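In what follows, a structure is listed as structure tokens, so that the remarks can point back to it.
The values are calculated or read from the model by the stated rules, or taken from the named source; none is laboratory data. Here the structure is a predicted model, which means the values were calculated and not measured. Note that each Cβ is placed from the backbone with ideal geometry, even for glycine, and that neighbours are counted across all protein chains shown. Note: accessible area is taken over every heavy atom of the protein model, side chains too, but ligands, DNA and RNA are not part of it. Shrake-Rupley method; radii C 1.70, N 1.55, O 1.52, S 1.80 Å.
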Amino acid sequence: MSKIYLAGPMTGFPNLNWDAFFRKEAELTDQRWEVVNPARLDKEAGIDPEREMGEYDYTACAYRDVMALLDCQAIYLMADWQHSKGACWERALAKHHRLRRFYEIPRAEDL
């Protein structure tokens, strides 16, 4: 089973957009992927999606997420990923390391 990292917007969304992340995780799991879900990692770390994340929390989570991404063979970019600072650099890192890229909304350059 290949491992895929789930990337998308969180900041500014109700509940940090966790509902969408968990729905997509279930869908990808059904497609036989081992999913690395940053919302799940946040939840396991005790992050409260109802409170504003401080700069330290964001930096710590970003570092953790980069390390998790580098252990994957692919990245899945959810809708509106391009409006997320974190998802943009996750995509750039995935592209640099030649991970397979999948998009909820396909991009012409990647078809």
Convex hull around the C-alpha positions of the stretch 8-90: the volume in Å³ per residue is 93 Å³
Percent relative contact order for the stretch 1-95, counting Cα pairs under 8 Å at least six residues apart, stands at 45 percent
With every protein chain kept in place and a 1.4 Å probe, the chain has an accessible area per residue in Å² of 61 Å²
Taking Lys and Arg as +1 and Asp and Glu as -1, residues besides MET78 with C-beta under 9 Å from its C-beta add up to -1
Carbon plus sulfur, as percent of the 1.4 Å-probe accessible area of the chain, comes to 52 percent
Rounded to one decimal in nm, the spacing of the 7 Å Cα→Cβ label points at PHE102 and THR29 is 1.5 nm
